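Mind looking over this structure? Questions follow.
The values are calculated or read from the model by the stated rules, or taken from the named source; none is laboratory data. Just so it is clear, the model here is predicted, and its values are computed rather than measured. FYI the Cβ positions are ideal-geometry reconstructions off the backbone, even for glycines, and counts take in every protein chain you see. Surface accessibility is based on the protein's heavy atoms, side chains included, excluding ligands, DNA and RNA. Shrake-Rupley method; radii C 1.70, N 1.55, O 1.52, S 1.80 Å.
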Amino acid sequence: MRNTSVAELPVLPLRGMMIFPGMLLHFDVGRQRSIAALEQGMMNDQRIFLVSQIKDETEDPGPEDLCEVGTIAQVRQVMNLPGENIRLLVEGESRGVIRQMLQTDPFMKASVQICRDRKPRSRADADALVRTAQDLFESYALASQRVSQETVESIRSLEAPGDLADVLAANMLSKREERQEILNELNPMRRLERICVILMRETDMADTEKQIQARIKKQVEKNQKDYYLREQIKAIQTELGDQDDAEIAELRQRMEATPLNEEARGKCEKELDRLGRTPPGSPEFALSQTYIEWILDLPWGRETTDNLDLGRAREVLNRDHYGMEEVKERIVEYLAVLQLKKDLKGPILCFVGPPGVGKTSIVKAIAEALDRKFVQMSLGGVRDEAEIRGHRRTYIGSIPGRIIYGMKQAGTMNPVFLFDEIDKMSADFRGNPAAALLEVLDAEQNNAFRDHYLELPFDLSKVMFITTANSMETIQLPLLDRMELIEVPSYTEEEKLQILKRHLMPKQILEHGLKAGSLKISDAIYRTMIEGYTRESGVRTLERTAAKVCRKAAVYMLDHGKKTMTVNAAMLHELLGAPRYHREEPEKEPRIGVVNGLAYTSVGGEMLEVECTAMPGKGQLKLTGQLGDVMKESAEAAFSWVRAHSQELGLKDDFYKDIDVHVHVPEGAVPKDGPSAGVTMITALASALTGQPVRQTVAMTGEITLRGRVLPIGGLKEKTLAAYRAGIKTLVIPEENRKDLEKIPEYVLKCFDIIPVREIQEVLNTALIRK
Ligand code: ADP
């Protein structure tokens, strides 16, 4: 049964809102007729009829502007707001339907039918519907996430379908029309069914919404991430770009400030352009950059002014180098020509001599005398052309060759450039470095030297090239043709003494932080240092020995709190240990078949014994001891001479028929070569075959012809010094070498009987003890 009682109530139109029974509503009232209606309501039992306008925009609604169904409500609170407005709190009681409008002014008043919900006909139907609605709402709440857990729970407690429908409508419907529709529905079951339909729709919608949201969120997130990453890349690129731009700009600036030649400038420009287009940080970028830097690092146009003051040159050369008179004089001549001719075209100087005789250091002195920069490149072991000329840029990790590297190091276009050990350079499948070197040394070509890496012409014509070699025999011929050889001979003991005393020791004393004059060393001690601890043509070991003395002396003086110290024989022994070499006393006793020969090797002069024995055999000549071809031939010539002169020697004509002869040069590990052992071989053979002993105090050197003539040899000074060191008393030399004796110091010559000879007979007469 529908409760259908009627009440006369003041009507208050609601704009854009509505209230369900059982719910509270706050709203403000400002319109004149509404205020009047409220006042009327307050005077009765505080009940008013709240009903929505059909159109929100209607300012002053009349009865025709109002919905039919509204809510009868109890006013719970009235609050006057500033101005005319009043704020109300009302609670909905029940639905109401306007039956008749009783008045419209000063407020609307109507007779309203009060519609309370009827009890449902079937309790079970109602319960099922309620449960359905509650479940649907729960799903909706879950899907929409717009409903609080509390609301869900409070809804679970509602049992009446009508009330549930109203609460649900109030909670989930936002459109006024929909809400009004629910309000209009007076049948609670139908109302809740309607709500269920809406709930389903809304849940679906919420789900879809959620999916869309998720998609959007994802999209947004991705967009955001992309955006963020892109921004980061941009930032990084800007940063790098700025840097690279700065780097490129700096290179360009440097290029503009450098007096490059035309081709180099072109190459640089091209490379800089390419650099601008290359992604920074890429390997290509670094390669281009390195290439440009190499070009710009070269000493374009930078030159030192030559100091051609000959007096000063002599002074500088003399200051650090004792002796070497010929070398120094040649250098001074060279500088004089340079001064007059003003160009360097001409042969390249090549200093030839054993290690440690000061070749390198005199070249340094030349650079100093000229006020030029000094660079040095060792050619020892260089076999690849690329070391001289570089690798093409297509090779990974390619760099310029050592010439260009040296020029960069020098920092000027006109340094003194020393090629060390030009005789130790070899060739292999990677090309011939000598050919490249020839181009470098050739004054006609080297104004446009092309390095494979740089691929542009670089002017080397102002460079003063000087080379050194240990022995001229192994210098490749084309190179040899280009060079003027200057021999730097080994030093005599006396020269070494002076070098040690005047240069090496003072230098080492300073280098070890000692005071000049703090070490007192007599000549005799110096001599012991030379003779007892070194055996060399130069002074390298001697310099190391001097360093060792200083090192040990420094420790000794600190230990003993001394400022100066005298190095006597005992002290030297303490500092350096026992002497390593002893002056060899020659075998005094004459021996058969053993002769002292003298050789000139790459490390200086050396005394070599030649041994010979005869044994039963068939006339063969056997040679051992690592003899080179020339030396072998020389031995064969010697044997032939002996056979041809058997009568003179007192041998049978066919003495050789039933013997073999064996010639051996000891120290088999050392390769020996050269023709100058000819006289030694004949003497050894003659002694072995005739049984006449050889004087061991005699040493000899000389090439022979088949007829027995003695020809001159090289390296007389070195050989003489070797004989001197060996304690030889009689020195047999070719007559034609007599002139070379001038170069040998007096004190050395004094020790010998020197026998210059023309014929082999004279040699035999001197060396053999005739029976
Ligand atoms: P090389 O190049 O001939 O092998 P170095 O020039 O390296 O020899 O010389 C080795 C050391 O001996 C250097 O310290 C050098 O100064 C010194 N030296 C060589 N000869 C002399 C000399 N005549 N006077 C002074 N010092 C010398």
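Straight-line reach from Lys552: which lysines have a Cα under 20 Å away, not including same-chain ones fewer than 8 places off?
Counting by Cα, and skipping residues close in sequence, Lys552 has these lysines nearby: Lys501, Lys507, Lys515, Lys520, Lys562, Lys563.
Quick one: Kirkwood hydrodynamic radius for the stretch 27-185, alpha-carbon pairs, angstrom, one decimal?
17.6
Let me ask something additional. Just the Cα atoms of the stretch 500-585, one point each, no solvent: what log10 I(q)/I(0) does Debye give at q = 0.13, 0.14, 0.25 Å⁻¹?
Calculated log10 I(q)/I(0) at the listed q: -0.37, -0.43, -1.38.
If you fit an axis through the alpha-carbon atoms of helix 678-690 and take the longest principal axis of the Cα set of the chain, what angle between them do you get, 0 to 90°, nearest 10?
It is inclined by approximately 60 degrees.
If I take R0 = 22 Å and measure r between the Cβ atoms of Glu284 and Gln253 in this structure, what FRET efficiency does the formula 1/(1 + (r/R0)^6) give, to the nearest 0.05?
In this case the efficiency is close to 0.50.
Cα-Cα pairs above 18 Å in the stretch 349-412: how many percent?
So the pairs more than 18 Å apart make up 51 percent of the total in the stretch 349-412.
A further question on this structure: Find the accessible area per residue for the stretch 347-503; the probe is 1.4 Å, ligands and nucleic acids are left out, and the unit is Å².
With the other protein chains kept in place, the stretch 347-503 gives 37 Å² per residue.
Something else: Considering amide H positions built from the backbone, and no H for Pro or chain starts, which residues 5 or more places from Glu609, or on another chain, come under 5 Å of its amide H?
Gly597
The stretch 355-457: percent of C-alpha pairs farther apart than 22 Å?
32
Shape of the stretch 64-111 from its Cα gyration tensor (a ≥ b ≥ c, root eigenvalues): rounded if a/c is under 1.5, otherwise prolate when a/b > b/c, or oblate?
oblate
So which GluC sites (Glu not before Pro) in the stretch 283-313 pass both tests, a DSSP loop state and at most 13 other Cβ atoms within 10 Å of the Cβ?
Answer in residue order: Glu303.
Can you compute the modelled spin-label distance between Val337 and Glu269, with each label point 7 Å from Cα toward Cβ, in nm?
Distance between the two pseudo-spin positions: 4.2 nm.
Please state, as a whole number in µm²/s, the translational diffusion coefficient that the Stokes-Einstein equation yields for the stretch 223-326 at 37 °C and 0.692 mPa s, with Rh defined as the Kirkwood radius across alpha carbon pairs.
185
Compute the signed sum of charges (Lys and Arg +1, Asp and Glu -1) over the other residues within less than 15 Å, Cβ to Cβ, of Ala443.
-2
Here is a further query. For the stretch 667-771, compute Rg over Rh where Rg is the Cα radius of gyration and Rh is the Kirkwood radius from the inverse mean 1/r over Cα pairs.
Reported Rg/Rh, Kirkwood definition of Rh: 0.95.
Please state the relative contact order of the stretch 255-358 as a whole percent: Cα pairs under 8 Å, 6+ residues apart?
22
Follow-up question, since we're still on this one. Expressed in whole Å with the largest first, what are the equivalent ellipsoid semi-axes of the stretch 163-205 derived from the C-alpha gyration tensor as the square root of 5 times each eigenvalue?
15, 12, 9
Turning to a different aspect of this structure: Debye calculation, C-alpha points only, no solvent: report log10 I(q)/I(0) for the stretch 558-701 at q = 0.16, 0.17, 0.22 Å⁻¹, in the same order as the q values.
Relative scattering, expressed as log10 I(q)/I(0), comes to -0.84, -0.92, -1.37.
Same structure, new question: Which order do peptides 199-206, 180-187, 8-15 fall in by mean Cβ count within 10 Å, highest first?
Ranked by mean Cβ neighbours within 10 Å, highest first: 8-15, 180-187, 199-206.
Quick check: from the Cα gyration tensor, does the stretch 137-182 come out rounded (a/c under 1.5), prolate or oblate?
oblate
Val710 accessible area, nearest 10 Å², 1.4 Å probe?
For Val710, the solvent-accessible surface is approximately 10 Å².
Could you tell me the relative contact order of the stretch 483-640? Use alpha-carbon pairs under 8 Å, at least six residues apart, and round to a whole percent.
Reported relative contact order: 20 percent.
According to the square roots a ≥ b ≥ c of the eigenvalues of the Cα gyration tensor, what is the shape class of the stretch 18-110, taking rounded for a/c under 1.5, prolate for a/b larger than b/c otherwise, and oblate for the remainder?
Judged from the Cα gyration tensor, the stretch 18-110 comes out rounded (a/c under 1.5).
Do the sum for the chain: with -39,500 (n - 2.57) for every DSSP H run of n ≥ 4, divided by all residues, what is the mean residue ellipticity at 222 nm, to the nearest 500 deg cm²/dmol?
So the helix-based figure for the chain works out to -14000 deg cm²/dmol.
So what is the orientation-averaged projected area of the stretch 440-523, using the convex hull of its C-alpha atoms, in nm²?
Here the figure is 9.9 nm², rounded to one decimal.
In the calculated pair distance distribution of the stretch 528-625, what percentage of Cα-Cα distances lie above 21 Å?
57
Please give the per residue volume of the convex hull enclosing the alpha carbon atoms of the stretch 95-250, rounded to a whole number of Å³.
So the per-residue hull volume is 183 Å³.
When DSSP assigns beta bridges and you keep just the ones with both residues in the chain, what percent turn out antiparallel, to the nearest 5?
60
Taking 8 Å as the Cα distance limit and 6 or more residues as the minimum spacing, I'd like the relative contact order of the chain as a percentage.
Result for the chain is 7 percent.
Which value, in Å to one decimal place, does the Kirkwood hydrodynamic radius take for the chain when every pair of different Cα atoms is included?
38.0
So, how do all the Cα-to-Cα distances of the stretch 268-322 break down into 10 Å bins, in percent, from 0 on up?
20, 26, 14, 13, 15, 12, 0
So what does the Cα-only Debye profile of the stretch 306-407 read at q = 0.15, 0.18 Å⁻¹, as log10 I(q)/I(0), no solvent term?
Evaluating at q = 0.15, 0.18 Å⁻¹ gives log10 I(q)/I(0) of -0.74, -0.94.
Separate question: For a quick check of understanding: with a 1.4 angstrom probe and all protein chains in place, what accessible area in square angstrom does Arg535 have, to the nearest ten?
Answer for Arg535: close to 90 Å² accessible.
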